[in-house]
Every structure is written in structure tokens, then in C-alpha cells.
1. From 167, 191, 226, 198, grab the single residue that is in contact with a Leu (Cβ under 7 Å, 6 or more places away or on another chain) and not charged (D, E, K, R).
2. With the requirement that a residue be part of a loop (DSSP other than H, G, I, E, B) and open to solvent by 10 Å² or more (accessible area, probe 1.4 Å), what does segment 263-289 give you?
3. More than 22 Å from residue 284 (Cβ to Cβ), part of a loop (DSSP other than H, G, I, E, B) and either touching a helix residue (DSSP H, G or I) at 6+ places or on another chain (Cβ under 9 Å) or of a type in the set (D, E, K, R) (or both): is that true of residue 125 in this structure?
4. Which of the residues that make up segment 272-292 are touching a Cys at 6+ places or on another chain (Cβ under 7 Å) and closer than 15 Å to residue 199 by Cα?
5. If only one of 158, 118 is of a type outside the set (Lys, Arg) and closer than 19 Å to residue 298 by Cα, which one is it?
6. Return yes when residue 309 is β-branched (Val, Ile, Thr) and open to solvent by 10 Å² or more (accessible area, probe 1.4 Å) and no when it is not.
7. Conditions first: (1) surrounded by fewer than 21 Cβ atoms within 10 Å (Cβ to Cβ); (2) at pLDDT below 95; (3) touching a helix residue (DSSP H, G or I) at 6+ places or on another chain (Cβ under 9 Å); (4) not charged (D, E, K, R). Residue 185 passes all but one, so which condition is the exception?
Amino acid sequence: MRVAVSFLLLACPLVIAAGCFGGGGVDAPPSGPSGSGATGGTGGSGGTGGSGGAGGMGGASSSSSSASSSGSGGSGGGIPQNACPKVPNTPEMVELVSFGTKYCIDSTEVTTAQYKAWLDTNPDPASEMVQPLPECGFNTSFGSVTSPDNRPVASVDWCDAYAFCLANQKRLCGRIGGGPTPYAGDYANPAVSQWHNACTMGGMRTFPYGNEYVGEACNGANTAGATLAVGSLAGCEGGFDHIFDMSGNVWEWEDSCETQTGEMDKCHRRGGGFTSSDTDLDCSTASANITRNNSDPRTGFRCCVDLATP
């Protein structure tokens with residue numbers, strides 16, 4: 001960027017969620033290249049909540065779908081782990097099982113405080129260990145955070161998100177089982193996309209909280225007009241329990257890019273942000289024309305981890 005229990009409720013034999021604790025259409029970003037500061041928006045407060053476990057069965061989720069064209073993209077992967085990692089200064093993770101494949105997803109979006117803690121380690125964008133992808137060669141800075149708090153980090157481009165996850169034993173959410181989510185088609189398949197599976201409760205929901213839009217449930221255009229502290233809206237929990245803000249607050253980068261050539265590659269963002277309407281706040285929408293180098297005050301991310309399958 002140019003710049004931030006073990007409780008199981010078994011609902012079916014195919015998709016299980018367990019706590020692992022201790023795009024869009026009309027809401028496009030402004031035109032032009034990436035921005036110059038990782039920030040968390042303005043305003044917000046609140047805490048976290050949620051309990052229990054949930055399950056669901058895979059299937060195709062509905063609602064709007066904004067991605068277009070063919071091809072698959074991204075990169076990503078990583079060595080599967082045996083349990084959700086507990087990494088300081090990152091969100092706690094939730095373990096999911098989809099069609100026999102286990103993985104973990106961050107319970108919230110990465111916050112400005114967590115991102116700043118990483119920046120304080122002085123990651124070097126020129127290091128191949130920090131930023132190994134050739135398509136991110138343009139990215140010479142990971143930006144800065146001036147007001148670290150519990151709001152989601154924003155104004156980060158795709159490569160910033162990828163590097164943060166990698167540095168913290170995680171990866172940018174992509175395909176279930178490893179690698180990127182295909183850019184065309186399967187980004188809305190809960191058997192393929194880690195992000196989509198988590199948001200839809202394995203294909204059972206259109207929005208993370210249910211099948212009908214609830215204007216005040218999550219932080220979209222009808223709510224605060226700015227980012228809020230992650231997990232502060234109890235109604236915005238889901239698809240699976242212990243996962244928050246998969247709709248609204250900030251759009252979230254996904255490891256799903258059309259090509260792997262550089263800064264102008266088109267990559268998906270998911271879930272909508274604090275300025276989004278209902279058509280962008282569902283689980284199926286994915287931004288179709290957002291480039292890898294775009295850093296926008298409405299765009300952040302969360303990370304995933306692949307788990308070894310017995």
C-alpha cells in the first residue's frame with residue numbers, strides 16, 4: 001500500500017462450528033490509486049459478545065453477486081496447523097469444519113491497535129520473508145496508524161492484508177483447504193470460500209444473522225456513518241457463533257484475485273462497509289472492480305488458518 005469452548009452443537013454431519021478461544025456492487029471506493037494512511041475511520045465504541053456453538057449444512061447462498069469475468073487468482077496457502085493459533089495482538093479465532101475440512105477464521109476484523117503492534121516490529125516490505133509475492137512488488141510501505149484502538153484497521157491494500165496475516169502465522173482468507181478462492185463463480189460457494197462459508201453458516205443464511213435484511217443489525221449505511229469497535233454490535237454475530245462483523249463496518253479483502261501480475265490486478269472484497277446498503281451487506285456480494293493496490297477508508301480484513309485434516 002501506499003500507506004492499516006469447547007462446545008459443539010451438531011446440526012448435521014457436514015458442517016460444524018466450535019469456539020477456538022483461549023465487493024461490491026454500488027459501494028465502490030473513490031477512483032485513483034491507493035491511499036496514504038492506515039486508519040480505523042472515525043468514531044465507535046463498544047465491546048464484544050456472543051456464546052455457544054452452531055452448525056449448518058453446506059449449500060449455495062443467495063443474494064446479490066457483483067463479481068464478474070473469468071479466471072482465478074490470489075496466491076496464499078501455508079502449512080496446515082493442528083489447532084487455531086493464539087497469536088498476541090491478533091483477533092481470537094473460531095474453528096470451523098466444512099465438508100470434512102477444518103480451518104480457523106478470525107472472530108473479528110483486525111483492529112488498528114493490532115495492526116500498529118505489527119508495524120512496531122518494523123516489517124520490511126523489501127524482504128521476501130515479509131512480502132514474498134512478486135505481484136506485491138509495488139508495495140513499498142505498510143503505512144501507519146495514528147490512533148490505535150478497537151476499531152477495524154482500514155486504508156490497507158490487498159498486499160498489506162496479506163503480509164499482516166502471513167507475519168502472524170495466518171493467511172488472508174481464501175479457498176477451503178488452501179490457496180486462493182477462484183475469482184469467478186466459487187467465491188459464493190460455501191464449500192470453497194472460507195469467508196463465504198463462515199458468513200453464511202455453511203450456506204444456510206443470506207446475511208450472517210439470518211435470511212432477511214435487518215437494517216440495524218450490522219454497521220451499514222443505516223447505522224453509525226463511521227467504523228465501530230469490532231464486535232460491538234451483538235446483532236451482527238454470525239454466520240457461526242463467535243464471529244462478528246462479517247456484514248458492514250469495513251469491507252474485507254479476500255485472497256481471490258483475477259490475475260497475479262501486479263498492482264492493477266482485480267481482487268475481491270467481501271461483506272460491505274459502514275456506507276453500504278443492503279445489496280452490498282449480504283454474504284454473497286464480492287467487489288468486482290477493486291484493484292490490489294487500492295487502499296480505502298472503508299476496507300480492512302480478517303485472517304484465516306488452514307488446519308490439518310485427520
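1. 198
2. 263, 264, 274, 275, 277, 289
3. So residue 125 passes the test.
4. Result: 281, 283.
5. Only one candidate qualifies: 158.
6. yes
7. Among (1) surrounded by fewer than 21 Cβ atoms within 10 Å (Cβ to Cβ); (2) at pLDDT below 95; (3) touching a helix residue (DSSP H, G or I) at 6+ places or on another chain (Cβ under 9 Å); (4) not charged (D, E, K, R), the lone unmet condition for residue 185 is (3).
So that you can scan it fast, the table gives a plain yes or no per residue for (1) closer than 23 Å to residue 92 by Cβ; (2) in contact with a strand residue (DSSP E or B) (Cβ under 8 Å, 6 or more places away or on another chain):
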position	(1), (2)
202	yes, yes
212	no, no
249	yes, yes
264	no, yes
275	no, no
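The values are calculated or read from the model by the stated rules, or taken from the named source; none is laboratory data. A quick note: this is a predicted structure, and the numbers were derived from the prediction, not measured. Cβ coordinates were reconstructed from backbone atoms using ideal geometry, including for glycine residues, and neighbour counts include every protein chain displayed. Keep in mind that these areas ignore ligands, DNA and RNA; they rest on the heavy atoms of the full protein, side chains included. Shrake-Rupley method; radii C 1.70, N 1.55, O 1.52, S 1.80 Å.
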